[in-house]
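Reading through the structure tokens given below for one structure.
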Amino acid sequence: MRALQNKSKPIWRDIVLLTVSAGLLRFFMLGQESFWIDEMATFHRVSMSWEDMFARLLELKYHPPLHYCLAKLWCGIAGYSEFSLRFISALSGMLAVSFFYLTALKLAGRKAALFAGWMFAVSAYHIQWAQEARFYSLMGLLTCVSMYFFVRLIEKRNLASLLGLSLSSALLLYNHYYGIFVIAAQNLAALTQIIIETRRSGRLKRKDLFGWISSQLFAAALFIPWFAVLLQGLSKYGGGTGVLERPGIIHLLAAPYFFAGESLVLAAVFAGLFMLYLWAVYKAAGSMKAFAPELLKDHIAIWWLIGTVILPYVFSLIAAPVYSGRYILAGSFAFFILAGKALSRLEGKRLLFAGAALFIVMSGVLADYYIGPFNENWKAAAGEISAQASPSETVIIHPAFCRKAFNYYYAGEAEVEGFPLLDQKIEGKGPAVTPENAPLIHRQSEGSDGVWLVYCHSYDPNYLLVEKLKKDFRLEEKIELHKIEIFRFEKSLNVPTD
């Protein structure tokens, strides 16, 4: 932690430039994409009354209220468009860069912090979640705020830092329970720091230990109003959400791939940067014997990465699945700091080449994201059917829970139904189409002059519904949109009618 006492020149220009750049990239084309099913869940909750929204969250138990409250307050002013519902996420991503830069500055120095800050600012991975009406980007902001006050508390040990850490940690939990892994990482780093300082001074500083414990107790006290809901969720889901699957080792090894916005090229670059960081540590140590002590100088960033990536993976194996490419966003910041340190060790032409190559690759991934589309294209699907479907036809959405996204954009007169007949929670195999239940589609299509069958996140890999409809209708057209398939059927003249 040699960079904790950073006394570089004023860094406000860095912060302004990074913040403006991050904001432009996150607000650019913010309302372009259609809502997808997860965002529609946010839409329906925040469009409820306050009483109904909290009743729904208390029923679900695995979604804390902070993001929904902020989104509801903002949408009450700005409306419920794609732009306004995603505004909180985009703003969170923009504000996060300043706290992240300040944290990286204290941990790694200005040169490494600039590299890390720009990697975050232009990251397609972070921009993607900053342009989604969910809680991931706000989790990123609160992670950075909490880590900033954590580093300040280690550096200054004052009341303001303690209160800032406690409040930001509590808000982190009120936004998403995954925040507990950020707090776990901080506790591991704090314990390591206490051990280091105790060995250095020869005595335990009880005042510092008491201060740290106090900050954790205060954060826990602030979370007490929602703690009972968390316990009920643990009882119901075992610590998971009931949706995620148990990860394999490939999911852990794929962390750089997730951080790279699912780009294999950038993932390879990120893996190379991590290896470069380890090599730089080894070179600074001079021998394998001194490698671990040298690595401990970066223990805060290392515990940050371990606590938010490896620890959730282990928890998913022994308890309930919580590991997700979306959730480990909280650990990507630590990775950027370590990558920034690796780049900062380079000099001259090597530094210029590495920086330029990284910028070009990350810009390419970002351009590919903007070209899109990324979400399922419900605007086009609903627009096509609204324009062509007659009132005597039927629209059937499979699976049924996708109706919410379709209905948001639908302006037609044809009746819209879902298959299966009742919305089903995604449990086990989910609302799967089987030879036993597929014939039920005849009940929904009976009496219609035509059917528009829409697949998205389909549980019908063998297209059993299509085959069943072919018995009563003639398949006229198949329309393929991003992540959506539309089958248009017309009444067959060969089918006898009463």
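Key figures
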quantity: Residue within the range 471-484 that is more than 33 Å from the chain's Cα centre (by Cα) and part of a loop (DSSP other than H, G, I, E, B) present; calculated: yes
quantity: Top-ranked residue in the range 1-56 [being surrounded by 16 or more Cβ atoms within 10 Å (Cβ to Cβ) and β-branched (Val, Ile, Thr); ranked as modelled with the lowest pLDDT]; calculated: ILE11
quantity: Pairs where the first residue, in the range 316-333, is crowded, with 19+ Cβ neighbours inside 10 Å and the second is part of a loop (DSSP other than H, G, I, E, B) and acidic (Asp, Glu), C-beta under 7 Å, 6+ apart; calculated: PRO321/GLU245
quantity: Checklist (1) farther than 18 Å from LYS341 by Cβ; (2) in a helix (DSSP H, G or I) applied to TYR177, failing item; calculated: (2)
quantity: Within the range 341-367, tally of residues that are surrounded by fewer than 17 Cβ atoms within 10 Å (Cβ to Cβ) and assigned to a helix (DSSP H, G or I); calculated: 14
quantity: Selection status of TYR125, assigned to a loop (DSSP other than H, G, I, E, B), in contact with a Ser or Thr (Cβ under 8 Å, 6 or more places away or on another chain) and more than 20 Å from LEU153 (Cβ to Cβ); calculated: no
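The values are calculated or read from the model by the stated rules, or taken from the named source; none is laboratory data. Treat the numbers as computed from the prediction; the structure is a model and nothing was measured. So basically every Cβ, Gly included, is an ideal-geometry build from the backbone, and we count neighbours across all protein chains shown.
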